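First the structure, in the form of structure tokens, and then the observations on it.
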Amino acid sequence: MHGLQSYWQFNHEPDLNGFKVDFAAGYVQMMNTSVQQTFTQARNMLTQRMLFPYSAVEVTIDATGLNNGDIAGIAALQYQYGFIGVTKEDDIYSLIVQTTHKETDNLALLNTLPDITISDPSCITFRVEARFDNQVDSIRFFYKGSQIGPDHHVAFDLEHFTGCRYALFNWATKEINGSVRFSQFKYLT
């Protein structure tokens, strides 16, 4: 698929004008070609299956190409999704964690996050851990080696029948042409 291994899949029909792989430099770049009101509609999300009973991923992000209103990061993609990322507002880069909960069917922002400004948006490393043994079904998000927010509960159901997937994303909420580069992706089991 566009030079990537077959275990990578897009979550929607891709817009190839917003996607670039540079093997020599070692990154995947996503450019926003449309504004979306919801996270699940963000174009060109690259996904991989999570493995049972445990897996984790790390990825490094260069967010210097984001526009104000953009959010880029890594998600646990399913109906009860959650993600950790960087957002740019008023030219300031900040950490964001967002989750959904089926009980309320509404988006719930974690209000427990302190205001964490990211001083170097050119080199941000996130880690996501998934645990599915003994029906734990939880996701944990990390930044700079520390867990950010509480464990996020996920569950396999038919609302989002692909199971839970790791997803690299760049989501435009205000304007197009913002970009992000993902590199040093590590899948750990």
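Values in this text are rule-based calculations from the coordinates and carry no lab data. This one's a predicted model, so the numbers in the text were calculated from it and none came from an experiment. Note that each Cβ is placed from the backbone with ideal geometry, even for glycine, and that neighbours are counted across all protein chains shown.
Close amide H pairs (under 5 Å, H built 1.01 Å from N) link Ala155 with Gln80, residues at least 5 positions away or on another chain. For the stretch 3-17 and the stretch 51-100, what is the centre-to-centre distance using only Cα atoms, to the nearest Å? With the stretch 3-17 and the stretch 51-100 each reduced to a Cα centre, they are spaced 18 Å. Taking 7 Å steps out from each Cα toward its Cβ at Asn17 and Thr33 produces label points 0.6 nm apart.
Here the stretch 35-56 is scanned for amide nitrogen atoms under 15 Å from the site 7 Å beyond the Cα of Lys186 along Cα-to-Cβ, giving 55-56. Label positions at Thr125 and Ala25, each projected 7 Å from the Cα along the C-beta direction, are separated by 2.1 nm. Sequence-distant contacts, meaning Cα pairs under 8 Å at least 6 residues apart, place the relative contact order of the chain at 33 percent.
For the stretch 9-188, the tally of Lys pairs with Cα-Cα distances below 20 Å comes to 4, considering only residues 8 or more apart or on different chains. The string of couplings for the stretch 38-55 from the Karplus curve (6.51, -1.76, 1.60, θ = phi - 60°) is 10, 4, 5, 9, 4, 7, 6, 5, 9, 10, 9, 5, 8, 9, 8, x, 8, 7 Hz, one whole number per residue in order, with x for Gly and Pro. On the principal axes of its alpha carbon atoms, the stretch 120-189 extends 41, 30, 22 Å, with the longest extent given first. The order of the peptides 128-141, 72-85, 7-20 by mean Cβ neighbours within 10 Å, most packed first, is 72-85, 128-141, 7-20.
For the stretch 9-188, dividing the convex hull volume of the Cα atoms by the residue count gives 116 Å³ per residue.
In this structure, Phe52 and Leu4 have a Cβ-Cβ separation that, at R0 = 25 Å, corresponds to a calculated FRET efficiency of about 0.60. The 3J(HN,Hα) values that the Karplus relation (6.51, -1.76, 1.60; θ = phi - 60°) gives for the stretch 5-21 are, in residue order, 5, 5, 6, 8, 9, 7, 7, 9, 4, x, 9, 5, 5, x, 9, 8, 10 Hz. Gly and Pro appear as x.
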